[in-house]
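Read the structure below first, then the notes.
The values are calculated or read from the model by the stated rules, or taken from the named source; none is laboratory data. Computed from a predicted structure; not experimentally measured. Don't worry about glycine lacking a Cβ; one is built from the backbone with ideal geometry, like all the others, and counts go over all protein chains shown.
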């Protein structure tokens, strides 16, 4: 049978598949035959049992050839880019670091709800990099202010 994953709860390790005709089938992770984790809206091919349970679940060709990146992974990668740029762009670094932290948290929440552990990990890395970048940018700005103040003080004393 063909269907689409309506929901998958990582903590419970089970989910629900809906067919095009509207029938719903529960499944457990032990019936999942792919190396990646199941996530919402994936098209799957499965065998149904009498108890409205899906077994032998595989991603269908439509999901495999879809080629679309997970939006939470895209957000996490952009957050890492912002965090890295925050290290190298002095004045804009604080803003980029904050964007990295906020976008990383949003990506992590989206990835957790979709059951995408890879995106969750990448988003967590983005949050940490953003925090470190924010600290460096703040120290850089402080050093710039103190340096400018000392130059002004020296100019006044001459």
For this session: Kindly list, by first and then second residue, each pair from a residue in region 33-44 that is at positive phi to a residue that is modelled with pLDDT under 85, limited to pairs with Cβ atoms under 9 Å and residues at least 6 apart or on different chains.
Result: 41/63; 41/114
Exercise. Got a number for residues in region 5-31 being closer than 13 Å to residue 55 by Cβ and either in a helix (DSSP H, G or I) or more than 22 Å from the chain's Cα centre (by Cα) (or both)?
Worked result: 8
For this session: Output yes when any residue across region 90-112 is in contact (Cβ under 8 Å) with a residue 40 or more places away in the chain, within 26 Å of residue 14 (Cα to Cα), in the same structural domain as residue 134 (by TED's automatic domain parsing) and in a helix (DSSP H, G or I), and no when none is.
Result: yes
Problem set entry | Residues satisfying the stated conditions in region 36-58, i.e. more than 22 Å from residue 110 (Cβ to Cβ) and within 25 Å of the chain's Cα centre (by Cα) | 57, 58
